[in-house]
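Heads up: the structure comes next, in structure tokens.
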Amino acid sequence: MYKRILLAADGSKYSIRAAQEAAKIASLVPDSSVEILFVADMSKIKNEVLHSQDHEELELKRQQKLMPVTEQLSTQNINHKTKIIIGDPGPAIVEYANNEKVDLVIIGSRGLNSLQEFVLGSVSHKVVKRVQCPVMVVK
Amino acid sequence: MLEKMKRDWFSNIRGDVLAGIVVALALIPEAIAFSIIAGVDPMVGLYASFCISVIIAFVGGRSGMISAATGAMALLMVPLVKEHGLQYLLAATILTGIIQLIFGVCKVAKLMKFIPRAVMIGFVNALAILIFMAQVPHFVGISTLTYLFVAITLLIVYVVPRFFKAIPAPLIAIIVLTAASIWGQFDLRTVGDLGKITQSLPTFFIPDIPFTLETLQIIFPYSIALAIVGLLESLLTASIVDDMTGTESNKHRESRGQGIANIVTGFFGGMAGCAMIGQSVINVKSGGRGRLSTLIAGLFLLFLILVLGELVVQIPMPVLVGIMIMVSIGTFDWSSFSYLRKAPKSDAVVMLTTVIIVVATHDLSKGVIAGVILSAIFFVAKISKLEVKRQQTSDKIKYDVTGQLFFASVEGFVNSFDFTIAKKDIVIDFTNAHIWDDSAVGAVDKVVIKFRENNNHVTVVGLNSSSKKIIDKLALYHDTNAQLKAH
């Protein structure tokens, strides 16, 4: 069964809904765990660094973005941890999921910025195409 | 030690070499364009970019960060070059390096924390605006063909990377459009109209200037501004690279490294430079992590200068203008507009003031200094809000003081008391307050003694230990007969 579930999240409302689905699945599987993966977009780092006084504040801001997501899991007592990596969201999620050999990837259908998703081609699409395990895209 | 060297240099050879080559290709248009901004031959920027990257590879504190000739520095040099010429610029570059080396030794990088982010946001925005403004004379009102070339360049640099990323898009724009303009024999201004390219290695020479106090007086103001701006941009870039790679860097070593690189560059005929945000991001994104990437970028750049020198002069100016417009769009912090709405008013004012002063003076260092001073004033104003609450019981009047008591808040403090009270028991409670300086002690004295003049009995309570210390040392009111003196 789905013991290791990877929840790719960016703090958007879609990722919160994805977290709810992750919680549902995880609660059905004994000793399952959910890993929340947040990819800090490399091309936005300049902006993030500029708007934070120091490195600690920057880390805190990223954690805060994920708060509504982690909340979905902690209120249901789902075993979970958070992982923040830096890279290009689509390929970074694919690489992480494949390297870690997770059993299931859950991802929201859109991100924080729907306009950008429209222009750049969606992250979830890349993930569905290239991850080697089942992927659940949450609307 | 040897282990660390190995890790810094050879832990990522393939990624570093490839990224270094990409960076070298991306550096060419910028080095030329920044030379043109500064008003010097393209060689000055190209030599600078080569020297700085190579030296920084060895002495920098942040591996994987790219330093070369930059727009921020070029903009500062404009008046110096215009009035005194290249030789003074080279001397100023050497002096800039010496100042940065001293900054590094004195660990001035620590002072970075006193620069609020509103000032840094203002800094990058002002930089973007200045880079854009510097392009205007090169494309506005020249010819329709010029506008067309700028537009095509912008189209290439923004659209091509969506499909093809192996070669930096600006370079593709340069190659394609230079070829087009040569074959089509279009009437466009070229880099060659603004300066010449020599296909030779940079050589060591001492700038040809009179070694007098007068020379020093000319170059020193420029050098200090260059040193500050260079350090600021380098440390900001270092933080960005730190975060992108999830590693740490030695900011003091980087400051010293920037100094050494600029000293050497000045002696080899290059203009002062610093770390580049855009290029460093390109390097890391292309897989560059180690010092090798920076070294390869410099060496490959020199190779390109030697091989392609003749072609460089044929690059049409509108293409460089297009690339610089892209650089300025990339430099500008577009989230500033939402920042202006969301951030505290005082931060928004600091950011705008920084931008306005830079744009008005064309001097980034002045904007930064003004921004820092203004935010310090705002901070003092904010923290000097002091609250005094009065509570009256049957025989006692109690004043609760909340806030910071110091030179800026004493006036409000003294005015919050009602000195018409007579023959009462008065308690002044400082539990939620802190007494910082001599003026604060003077104010407490003034209040206590004034109350006593009306035969009140005054007690001061709740002083924290450091407030008590300064009161015990300076206050007069312990002596019940004390008169007000000049504090």
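FYI, it's all coordinate maths here, none of it is from the lab. Only a predicted model underlies this, so the values are computations on that prediction, with no experimental measurement involved. Cβ sites come from the backbone with ideal geometry, for glycine too, and all protein chains shown count toward neighbours.
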Calculate the length of the line joining the C-alpha centroid of segment A:26-68 to that of segment B:341-366, in whole Å.
30 Å
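What's the average, rounded to a whole number, of partner chain beta-carbon atoms within 10 Å of each residue's beta-carbon in B:240-248? Display every interim value, and only then the final one.
Working: counts 7, 2, 3, 11, 8, 2, 4, 0, 1.
Whole-number average of other-chain Cβ neighbours for B:240-248 is 4.
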Could you check the spin-label model distance between B:LEU352 and B:ILE206? Points 7 Å from the Cα along Cα→Cβ, value in nm.
5.2 nm
Any idea how far apart B:ASN250 and B:THR393 come out in nm if each label point goes 7 Å out from Cα toward Cβ?
6.3 nm
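Could you put B:TYR147, A:TYR14 in order, starting from the residue whose Cβ has the fewest other Cβ atoms within 10 Å?
Numbers: B:TYR147 15, A:TYR14 22.
Listed from fewest to most nearby Cβ atoms, that is B:TYR147, A:TYR14.
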Answer check: the protein assembly as shown, Cα atoms, Kirkwood Rh, Rg/Rh ratio of 1.08
Relative packing of A:24-30, B:252-258, which averages over residues the other C-beta atoms within 10 Å, highest first:
B:252-258, A:24-30
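Kindly flag which residue pairs out of B:LYS251/B:LYS366; B:LYS110/B:LYS285; A:LYS3/A:LYS24; A:LYS3/A:LYS101; A:LYS83/B:LYS285; B:LYS446/B:LYS473 have an alpha-carbon separation exceeding 18 Å in this structure.
Values: B:LYS251/B:LYS366 23 Å; B:LYS110/B:LYS285 28 Å; A:LYS3/A:LYS24 13 Å; A:LYS3/A:LYS101 11 Å; A:LYS83/B:LYS285 21 Å; B:LYS446/B:LYS473 16 Å.
Checking Cα-Cα distances, B:LYS251/B:LYS366; B:LYS110/B:LYS285; A:LYS83/B:LYS285 exceed 18 Å.
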To check my understanding: the extent here is largest minus smallest coordinate of the Cα atoms along each principal axis. What are those three numbers for segment B:142-241, in Å, largest first?
53, 38, 30
Suppose each label sits 7 Å from its Cα in the direction of the beta carbon; what would the B:THR198-A:LYS126 distance come out to in nanometres?
4.7 nm
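Using R₀ = 30 Å, calculate the FRET efficiency as 1/(1 + (r/R₀)^6) where r is the Cβ-Cβ separation of A:GLN20 and A:ILE86; round to 0.05.
On the way: r = 27 Å, r/R0 = 0.89.
Efficiency for this residue pair is about 0.65.
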How much length, in nm to one decimal, is gained on full extension between B:ILE167 and B:ARG7, taken as 0.36 nm per residue of separation minus their Cα-Cα distance?
54.9 nm
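Take every Cα pair under 8 Å in chain B that's 6+ residues apart, average their separations, divide by the length, and report that relative contact order as a whole percent. Before the final figure, lay out the partial values.
Details: 891 pairs, mean separation 126.0, N = 487.
Answer for chain B is 26 percent.
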What's the FRET efficiency of B:GLN404 with A:GLU56 using the Cβ-Cβ distance as r and R₀ = 35 Å, to the nearest 0.05?
0.90
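Can you give the local net charge around A:ILE16? Use residues other than it whose beta-carbon is closer than 15 angstrom to its beta-carbon, Lys and Arg +1, Asp and Glu -1. Numbers along the way, then the final one.
Values: positive: A:LYS13, A:ARG17, A:LYS24, A:LYS65, A:ARG110, A:LYS139; negative: A:ASP10, A:GLU21, A:GLU71.
Once all neighbours under 15 Å are counted, the net charge is +3.
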Using a 7 Å offset from Cα along Cα-Cβ at B:SER335, what residues in segment B:344-359 end up with backbone N under 16 Å from the label point?
B:344, B:348
Which listed residue (B:PRO210, B:VAL23, A:ILE16) has the Cα farthest towards the positive end of the charge dipole for the protein assembly as shown, taking +1 on Lys and Arg C-beta and -1 on Asp and Glu C-beta about the Cα centre?
A:ILE16
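Taking 32 Å as the cut-off for C-alpha to C-alpha distance, list the pairs among B:LYS424/B:LYS468; A:LYS46/A:LYS126; B:LYS4/B:LYS196 that go past it.
On the way: B:LYS424/B:LYS468 24 Å; A:LYS46/A:LYS126 25 Å; B:LYS4/B:LYS196 42 Å.
Violating the 32 Å limit, Cα to Cα: B:LYS4/B:LYS196.
Give the average, rounded to an integer, of partner chain Cβ atoms located within 10 angstrom of each Cβ in B:115-122.
Across B:115-122, the average partner-chain Cβ count within 10 Å equals 2.
Rounded to the nearest 500, what is chain A's calculated 222 nm mean residue ellipticity when only DSSP H runs of at least 4 contribute -39500 (n - 2.57) each, over all residues?
Values: 6 runs with 69 residues, N = 139.
One gets -15000 deg cm²/dmol as the mean residue ellipticity at 222 nm.
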Candidate span helices, chain B: DSSP H, at least 15 Å along axis from Cα coords, Kyte-Doolittle average at least 0.5, result B:13-38, B:42-59, B:71-84, B:86-105, B:117-139, B:144-163, B:169-184, B:213-245, B:291-312, B:317-331, B:345-361, B:364-383
What FRET efficiency, computed as 1/(1 + (r/R0)^6) with R0 = 45 Å and r the Cβ-Cβ distance, is obtained for B:ALA422 and B:LYS473, rounded to the nearest 0.05?
0.90
Give me the net charge for the shell around B:VAL105: Cβ to Cβ below 14 angstrom, other residues only, Lys and Arg +1, Asp and Glu -1.
+4
Note the full-extension length gain between B:LEU306 and B:THR431 as 0.36 nm times their separation in residues minus their Cα-Cα distance, in nm to one decimal.
37.7 nm
